[in-house]
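Any read-out appearing in this document is the output of simple, stated calculations on the displayed coordinates, not a laboratory observation. Since the structure is predicted, the reported quantities are computational estimates derived from the model, not experimental observations. Every residue, glycine as well, gets a Cβ built from its backbone with ideal geometry; the counts of neighbours run over all protein chains shown.
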Amino acid sequence: MDRLTTKVARTNGIPIDEIKHVQVLKRSIDARQKSVKINLKVRVFVKEDFIEDRITLPEYPDVSNAPEVVIIGAGPAGLFAALRCVELGCKPIVIERGKDVRSRRRDLKAINRDHIVDVDSNYCFGEGGAGTYSDGKLYTRSKKRGDVQRILKILVGFGATDQILVDAHPHIGTNKLPDIIAAIREKIVERGGVIKFESRVVDLKIKNQEINEVVLRDGSSIISNRVILATGHSARDIFELLYHKKIEIESKPFALGVRVEHPQLLIDQIQYSCDTRSPYLPPSPYSVVKQVNGRGMYSFCMCPGGVIAPCATSPGEVVTNGWSPSKRDQPTANSGIVVELRSQDFKAFSNYGPLAAMYFQKSIEQQAWHVGGETQKVPAQRLTDMVNNKRSENLPVTSYKPGLTSADMSEVFPKFIHKVLQQGFVSFNKSMRGYLTNEAIVHAPESRTSSPVRIPRDFKTLEHIQIKGLYPCGEGAGYAGGIISAAIDGEKCAQACITTIKK
Ligand SMILES: Cc1cc2nc3c(=O)[nH]c(=O)nc-3n(C[C@H](O)[C@H](O)[C@H](O)COP(=O)(O)OP(=O)(O)OC[C@H]3O[C@@H](n4cnc5c(N)ncnc54)[C@H](O)[C@@H]3O)c2cc1C
């Protein structure tokens, strides 16, 4: 008998030999007190055999000759839109500017090793979108947006561990995601859908306020009056295209800051109040929120046992983000630490109209590139040095492969962001004693937290408020933040679009 069964028997006064199985339904870790607790919600099978629920995928019929829906972008939103199309009997034609997961790897190597950024194939663009080489944390606060459990079950059906159905903070890991994404693609193609890689969309033709044609980089085009636009928050050329075609878009506030890396051991010591982490506990995450000078400053996309990645999508800019393998076994912990921005912060870029927030974001990424030495090297500073306005004389080794350039963060950020970050880190240290240390390195910037643009849609039909048949979808449209909510939004848009076909 395992320890859990013994505990259940003892706590509930059940004779241990009557317990056939203890099924864990939910698992979470509570590290708020000195003694860390693992909370489990379990179902106990007493004198009753346990029959395992097999996760099965929805039925996917053959859609080779079914009505077509064009989907631009093969990120989580686009792929889940495509799957839902198949499920509901329509043929998805997915158009993706980047390469398939495997071919994408070469281009990631080129960024990390040679500092070369391919504008169509990088950490954000390519099969699976920004989701493929992401961290694969699947926690979402936006439970009201849709059926989170349904998305998790589909991911399990395509090869993710079923532990994501149990963990309060489910995680897949970067090493596991590419195979899951490839399995989704194989299913779409096997059932008659089409996926076109290396096919960047460069124009959208509109006739009588209705979408009519999607034009690709090679000059070919697809005629369609049903288009789901799921190009993600880094597709600046799409935002520019919509703006220049006078298709309504709106500037959207977002958050921006730095990515901080600590030794994982230090985070474990702070969070678990211990010298060394118990083998029963995972590498610890953390989550901090503070109000500083009337602005929110908070941790974002924290990756225990992870790595910082170069996530630029164009040459001449530096962008950071983080990921971790499924075991989270790297020696460092990293997290975005970002400051909430407001519309008035983009005033200097107001001549760009609804693209003001995007140009503000871009200006900081370009400034980081200049300060970093005009390569993918990232401007970096030790954390206590940053707070004390001191340039770091030397920098410890980091997980960020292209390398570091010692810099003062005031060279990268406008004064108001720099000040909030400085004060905020002092405040963080009050919640997490030991956080503010020169063992930690600040990397700049963390700038792609959410879309700087919203593509407005009708809340009922989900069509663009002005263009019939065009469905702005996922994170780039401003209706999702993260893998799960993007996938939910993809399903919703597919469903809304198909309703119009079936009318
Ligand atoms: C390193 C990293 C770690 C992350 N970690 C997490 C995490 O742990 N958990 C989490 O929830 N989220 C994480 N994210 C964010 C997550 O990946 C995104 O929220 C999610 O991928 C958004 O999905 P999407 O489909 O809306 O857009 P995207 O994933 O951005 O997909 C958009 C797709 O559209 C394609 N595209 C763009 N323009 C065009 C065009 N003109 N023509 C054709 N195709 C085009 C792109 O190539 C891309 O494939 C991470 C992101 C990164 C980069």
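Whole angstrom only: what separates the Cα centroid of the range 183-204 from the Cα centroid of the range 41-61?
So the separation of the two Cα centres works out to 33 Å.
Which residues in the range 373-400 place their backbone N less than 11 Å from a point set 7 Å from the Cα of E411 along the Cα-to-Cβ direction?
373-374, 379-381, 391-392
Determine the shape class of the chain: with a ≥ b ≥ c the square roots of the Cα gyration tensor eigenvalues, call it rounded for a/c under 1.5, and otherwise prolate if a/b is greater than b/c, oblate otherwise.
Verdict is oblate for the chain.
For the range 255-446, I need the span (max minus min coordinate) of the C-alpha atoms along each principal axis, in Å, sorted largest to smallest.
Reported extents, whole Å, longest axis first: 55, 35, 33.
Return the percentage of antiparallel bridges among DSSP beta bridges fully within the chain, rounded to the nearest 5 %.
Values: 52 of 71 bridges.
Rounded to the nearest five, the antiparallel share is 75 percent.
Run the simple label-point estimate for T499 and M432 please: 7 Å along Cα→C-beta, distance reported in nm.
The answer from the label model is 4.2 nm.
Which value at 222 nm does the chain reach when only helices count, each DSSP H run of 4 or more adding -39,500 (n - 2.57), with the total divided by all residues and rounded to the nearest 500 deg cm²/dmol? Working shown, then result.
Working: 11 runs with 132 residues, N = 503.
Helix contribution divided over all residues of the chain: -8000 deg cm²/dmol.
In terms of the Cα gyration tensor, with a ≥ b ≥ c the square roots of its eigenvalues, is the range 24-115 rounded because a/c is under 1.5, prolate because a/b exceeds b/c, or oblate? Don't skip to the end; give the middle numbers.
On the way: a/c = 3.27, a/b = 1.38, b/c = 2.37.
Oblate.
Between Q344, I267, S314, whose Cα lies farthest towards the positive end of the dipole of the range 243-347 when Lys and Arg beta carbons carry +1 and Asp and Glu beta carbons carry -1, centred on the Cα centre?
After comparing all options, I get Q344.
How about the range 285-358: which trypsin sites (Lys or Arg not before Pro) there are in a DSSP loop, with at most 12 other Cβ atoms within 10 Å of their Cβ? Mind showing how you got there, number by number?
On the way: sites: K290, R295, K327, R328, R342, K347; in loops: K327, R328, R342.
When the trypsin sites (Lys or Arg not before Pro) of the range 285-358 are filtered for loop state and at most 12 Cβ neighbours within 10 Å, K327, R342 remain.
Between D179 and D218, how high is the FRET efficiency from 1/(1 + (r/R0)^6) when r is the Cβ-Cβ distance and R₀ = 35 Å? Nearest 0.05.
On the way: r = 30 Å, r/R0 = 0.84.
Between D179 and D218 the formula returns 0.75.
Which trypsin sites (Lys or Arg not before Pro) in the range 457-488 sit in a loop by DSSP (not H, G, I, E or B) and have at most 13 other Cβ atoms within 10 Å of their own Cβ? Don't skip to the end; give the middle numbers.
Numbers: sites: R457, K460, K468; in loops: K460.
Of the trypsin sites (Lys or Arg not before Pro), the ones in loops of the range 457-488 whose Cβ has at most 13 other Cβ atoms within 10 Å are K460.
Provide the packing ranking of 80-91, 189-200, 43-54, 125-136, i.e. peptides ordered by the mean count of other C-beta atoms within 10 Å per residue, highest first. Walk me through the numbers before you get to the answer.
Numbers: 80-91: 25.0, 189-200: 17.9, 43-54: 10.7, 125-136: 27.1.
The densest-packed peptide leads the list: 125-136, 80-91, 189-200, 43-54.
Residue by residue through the range 152-168, what is 3J(HN,Hα) from phi via Karplus (6.51 cos²θ - 1.76 cosθ + 1.60, θ = phi - 60°)? Round to whole Hz and write x for glycine and proline.
Result, ordered by residue: 4, 5, 5, 4, 5, x, 9, x, 6, 5, 6, 5, 5, 7, 10, 5, 5 Hz.
Between rounded, prolate and oblate, where does the range 17-57 land on the alpha carbon gyration tensor, with a ≥ b ≥ c its root eigenvalues, rounded for a/c under 1.5, else prolate if a/b exceeds b/c?
oblate
Suppose every Lys and Arg Cβ carries +1 and every Asp and Glu Cβ carries -1, with no other charges. What dipole size does the range 362-503 come out with about its Cα centre, to the nearest 20 debye? Provide the component values of the computation, followed by the final result.
Numbers: 18 positive and 13 negative charges, 87 e Å.
In total the dipole reaches around 420 debye.
Place +1 on the Cβ of every Lys and Arg and -1 on the Cβ of every Asp and Glu in the chain, take the dipole about the Cα centre, and give the residue among V420, A486, C90 whose Cα lies farthest towards its positive end.
Positive-most Cα among the choices belongs to V420.
Using +1 at the Cβ of each Lys and Arg and -1 at the Cβ of each Asp and Glu in the range 2-46, identify which of I29, F45, T11 lies farthest towards the dipole's positive end.
After comparing all options, I get I29.
Might you report the magnitude of the Cβ-based charge dipole of the range 2-46 about its Cα centre, with Lys and Arg at +1 and Asp and Glu at -1, to the nearest 20 debye? Display every interim value, and only then the final one.
On the way: 11 positive and 4 negative charges, 66 e Å.
Roughly 320 debye for the range 2-46.
Treat every Asp and Glu Cβ in the range 255-446 as -1 and every Lys and Arg Cβ as +1, leave all other atoms uncharged, and give the resulting dipole magnitude about the Cα centre to the nearest 20 debye.
Working: 18 positive and 15 negative charges, 77 e Å.
Once rounded to the nearest 20, the dipole reads 380 debye.
List the cysteines of the chain that have no other Cys Cβ closer than 4.7 Å: which are they?
Those would be C124, C274, C301, C303, C311, C497, since no other cysteine Cβ in the chain comes under 4.7 Å of theirs.
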